[in-house]
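Where a number appears in this text, it was derived from the coordinates with a stated rule and is not lab data. These numbers were taken from a predicted model, which means no experiment stands behind them. Note: ideal-geometry Cβ built from the backbone for every residue, glycine included; neighbour counts use all protein chains shown.
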Amino acid sequence: MSKRLFVSVDLPDELADEVAAVQEEFREASGLRFTDPEQAHLTLFFLGDVAPDRVTTVESALTEAVETAAIDPFTAHVEGLGVFPSLQYISVLWAGVSAGADELTALHEAVEPRLVGLGFDADDHEFTPHVTLARMDHAGGKELVQQGVRELDPVVGEWTVEEVRLTESELTPDGPEYSTVRRFEL
């Protein structure tokens with residue numbers, strides 16, 4: 001049975017309360033489906049469904065990518081808000097990355113070509129380091145989200161990024177549950 005996989009940098013558990021506090025600012029906005037603050041992460045690359053016999057090849061490619069990127073542990077700072085694809089049509093509400101964005105982008109740029117070379121689909125948009133806070137299922141609360149993005153400038157916090165993870169996403173009736181398949185130390 002295939003596994004639904006993505007490459008991530010996970011926020012530490014200590015920042016879950018701060019992520020939840022930012023989400024709370026949007027609690028009245030209908031149509032938002034919030035992510036689990038305990039599972040907050042930055043996605044470097046989404047692979048989708050991967051056959052079990054390909055996981056080892058993916059792990060080898062990620063080992064090579066992380067080594068080639070040659071990024072030492074660094075501080076990442078999550079703050080500010082944004083949306084995809086635009087304020088007029090919102091599908092995702094996110095918190096941005098200030099410090100650490102260059103390192104995260106360099107990791108993405110090392111990972112993506114190796115995984116695309118294995119046959120996985122490249123992102124169809126420019127990489128923007130972010131932590132997804134919510135997905136918008138319908139536009140009922142769109143104006144509240146627009147106002148929040150324009151007026152709020154929350155600080156989630158910072159931590160030292162020391163690893164990249166290959167993460168499995170198992171879809172459940174209560175939302176996705178994530179588990180680490182393998183860690184790749186910086």
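Loop-resident chymotrypsin sites (Phe, Trp or Tyr not before Pro) (DSSP state other than H, G, I, E or B) in the range 1-92 with no more than 13 further Cβ atoms inside 10 Å of their Cβ: Tyr89. Can you find, among Ala61, Gln88, Ala101, the residue sitting farthest towards the positive end of the charge dipole of the chain, where Lys and Arg contribute +1 and Asp and Glu -1 at Cβ? Highest projection toward the positive end goes to Gln88. Listed by Cβ neighbour count within 10 Å, with the fewest neighbours leading, Met136, Met1 appear as Met1, Met136. Helical content of the chain, expressed as a calculated mean residue ellipticity at 222 nm, amounts to -8500 deg cm²/dmol (DSSP H runs of 4 or more residues, -39,500 (n - 2.57) each, divided by residue number, nearest 500). Each of His125, Pro12, Ile71 was scored by the projection of its Cα onto the charge dipole of the chain, and the greatest displacement toward the positive side belongs to His125; charges sit on the C-beta of Lys, Arg, Asp and Glu. Each Cα pair under 8 Å and six or more residues apart adds its separation to the average, and for the chain the resulting relative contact order is 34 percent. Working from Cα pairs under 8 Å separated by at least six residues, relative contact order for the range 1-88 is 41 percent.
Taking label positions 7 Å along the Cα-Cβ direction at both Arg33 and Met1, the computed distance is 2.0 nm, reported to one decimal.
Of all GluC sites (Glu not before Pro) in the range 12-49, which ones are in loop regions per DSSP and have a Cβ with at most 14 other Cβ atoms within 10 Å?
Details: sites: Glu14, Glu18, Glu24, Glu25, Glu28, Glu38; in loops: Glu25, Glu28.
Answer in residue order: Glu28.
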